[in-house]
Amino acid sequence: NKDPSKSEDEILAQKVDGIDVIISGHTHTVLTEPIHKNKTWIVSAGCFGKYLGLLDINAKTKEKIDYQLIPITAESPVDQTISAKIQEYKTDVNENYLKQYGYTMDQSIGYTNFPLTDVYEDYSAFTGNSMADLITDAYVYASKLTTKDTSFTIGLTAKGIIRSGLVKGDITVGEVYDAVNLGKGNDGLLGYPLIRVYMKGSDLIKVAELDRSVGKDMMVDGQLFFSGMQYHYSDYRFILNHVVDAEVRTNAGFYIPVEKDKLYPVVTNLYIANMLPSVGKKTFNQLDIHTYDASGHEIKDFSDMILYNADGTELKEWQAITRYISDMDKVNGVSEMKAQYQTTRDQKINDKHFSFIRFFQNTSAFGYRIYLAIIIAIVALLGIIRLITYLIRRQREKKMNIN
């Protein structure tokens, strides 16, 4: 954390004597220089193996001799010992995990003539992402195959769970899994399962607001991406009240405004579904998002909404993406990535020009509170001005009477 008072590593080093080195993780922080706190060296080499960290300290004096972040690239020499260990792990994964799904790590499922953007290339950017577009479209595709329901469906994912993009060339099962490699399902097996829930149009507007107000301004990991949905927002409006409207795409391919009381099917993974309520709490429940089943009953346990394959196994997130790519149109017998993913969808549309009507359109509950507070403040100010004016006038009248 940039604020030392909130940095867990620095707090630990400050409060506990005798720690020589803390190798930090999880935060994805790249420390170009180590932090020295209470005779403890704190180092961090970022994420995803992009750097190899080297720290050399004097064993007696604990002074730093050398510190480097060595970039790991395609040109980095192969270490045969590490390479053999990786192959050992691959065999383990193939035999004990992927085999039951009919895949192997290095199995090619398709080809792409262009890279799909890694969200980490510009992690703080508030914009679309081609890898997220692919993932959310895959959610919808797999859901329709599994449920046999071809009606319009929304796909939803978050920046924080996308771990990589796809490079130009062959696409393997392992690469797809790497992109969405978090968590496990209720079956105890690795990989989050997909779930299918329903949200009212009013909740979809809140989801959009969550993306704009929390994902852009408060928590980058919380940025959201959609399939079959887009929204307009205005930076002229207050926080938790930026979204002007939300629109859903029909099966005919055009967008229409959401109806606030209508239920819309949404496919996401189990983790995101469970996180939405807790992220909503960061807004002091101003963006409390509700989910329902097909009958309109509010969902108590998202486990009841998990999607399953024909053989009764959970439909894993990575499995849905693999299936989607495998089923794309083939060129010379090889599934080829759709050209539409060469660019990103414009789902978050900024109304850059001020409009008085749009300024008040779909005002959120928090927005109404802000407006009410402003009105009360104005009324109070006018009241104070009138009181002061009255007192001044009375004072003048008294002076005139005395004279």
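Mind listing just one residue for me: the one in the range 32-88 that is of a type in the set (Gly, Ala, Ser) and under 26 Å from Pro4 (Cβ atoms) and, of those, farthest from the chain's Cα centre (by Cα)?
The selected residue is Gly53.
Residues Thr104, Thr136: which one is in contact with a Phe, Trp or Tyr (Cβ under 8 Å, 6 or more places away or on another chain) and either at negative phi or not in a helix (DSSP H, G or I) (or both)? Talk me through it step by step, then tell me what you get.
Values: Thr104 fails: in contact with a Phe, Trp or Tyr (Cβ under 8 Å, 6 or more places away or on another chain).
Criteria check complete, one pass: Thr136.
Looking at Thr344, Thr322 in this structure, which one is of a type in the set (Val, Ile, Thr) and modelled with pLDDT of 95 or more?
One residue alone meets the criteria, Thr322.
Could you grab the pairs with beta carbons closer than 6 Å, sequence gap of 6+ or different chains, first residue in the range 60-73 and in contact (Cβ under 8 Å) with a residue 24 or more places away in the chain, second one aliphatic (A, V, I, L, M)?
Lys64/Ile57; Tyr67/Leu55; Leu69/Ala45
Residues are listed down the side, and each one gets a yes or a no for (1) of a type in the set (Phe, Trp, Tyr); (2) touching an Asp or Glu at 6+ places or on another chain (Cβ under 6 Å); (3) free of Cβ contacts under 8 Å to residues at least 60 places away in the same chain:
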site: Arg196; (1), (2), (3): no, no, no
site: Met199; (1), (2), (3): no, no, no
site: Val207; (1), (2), (3): no, no, no
site: Arg212; (1), (2), (3): no, no, no
site: Asp217; (1), (2), (3): no, no, yes
site: Phe226; (1), (2), (3): yes, no, no
site: Met229; (1), (2), (3): no, no, no
site: Ser234; (1), (2), (3): no, yes, no
site: Arg237; (1), (2), (3): no, no, no
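Return the residue satisfying two criteria in turn: it lies in the range 195-249 and is closer than 17 Å to Ala125 by Cα and among the aliphatic types (A, V, I, L, M), and of such residues it is nearest to the chain's Cα centre (by Cα).
It comes out as Leu224.
Quick check on Thr29: is it over 31 Å from the mean Cα position of the chain (by Cα), at negative phi and without any contact (Cβ under 8 Å) to a residue 60 or more places away in the chain?
No, not satisfied.
Hey, among the residues in the range 349-395 that are part of a helix (DSSP H, G or I) and among the small types (Gly, Ala, Ser), which one's nearest to Thr127 (Cα to Cα)? Before the answer, list the steps.
At the first step, the residues of the range 349-395 found to be part of a helix (DSSP H, G or I) are 356-359, 365-395.
Okay, now just the ones that are also among the small types (Gly, Ala, Ser), so 365, 367, 373, 377, 380, 383.
Numbers: Ala365: 26, Gly367: 24, Ala373: 32, Ala377: 36, Ala380: 41, Gly383: 46 Å.
Per the stated criteria, the residue is Gly367.
Is there a residue in the range 89-96 that is within 31 Å of the chain's Cα centre (by Cα) and assigned to a strand (DSSP E or B)?
Scanning the range 89-96 turns up no residue that is within 31 Å of the chain's Cα centre (by Cα) and assigned to a strand (DSSP E or B).
Taking the range 167-180 as the search range and keeping residues that are crowded, with 17+ Cβ neighbours inside 10 Å and within 18 Å of the chain's Cα centre (by Cα), which one is farthest from Gln100 (Cα to Cα)?
Quick first cut of the range 167-180, residues crowded, with 17+ Cβ neighbours inside 10 Å only: 171-177, 179-180.
Within this subset, residues satisfying the condition of being within 18 Å of the chain's Cα centre (by Cα) are 176-177, 179-180.
On the way: Val176: 17, Tyr177: 15, Ala179: 20, Val180: 19 Å.
Filtering first and then ranking leaves Ala179.
Say whether the condition of being surrounded by 17 or more Cβ atoms within 10 Å (Cβ to Cβ), farther than 26 Å from Val258 by Cβ and touching a residue at least 60 places away in the same chain (Cβ under 8 Å) is met by at least one residue in the range 143-160.
No, because not a single residue in the range 143-160 is surrounded by 17 or more Cβ atoms within 10 Å (Cβ to Cβ), farther than 26 Å from Val258 by Cβ and touching a residue at least 60 places away in the same chain (Cβ under 8 Å).
Among the candidates Arg323, Arg369, Arg358, single out the residue that is surrounded by 10 or more Cβ atoms within 10 Å (Cβ to Cβ), over 30 Å from Thr146 (Cβ atoms) and either touching a residue at least 60 places away in the same chain (Cβ under 8 Å) or among the acidic types (Asp, Glu) (or both).
Result of the check over Arg323, Arg369, Arg358: Arg358.
What number goes with the only condition from (1) loosely packed, with under 15 Cβ neighbours inside 10 Å; (2) in a strand (DSSP E or B) that Asp304 does not pass?
All conditions are met except number (2).
The values are calculated or read from the model by the stated rules, or taken from the named source; none is laboratory data. Since the model is a prediction, treat every value here as computed from it, not as a measurement. Positions of Cβ are backbone-derived with ideal geometry, glycine not excepted, and every protein chain shown enters the neighbour counts.
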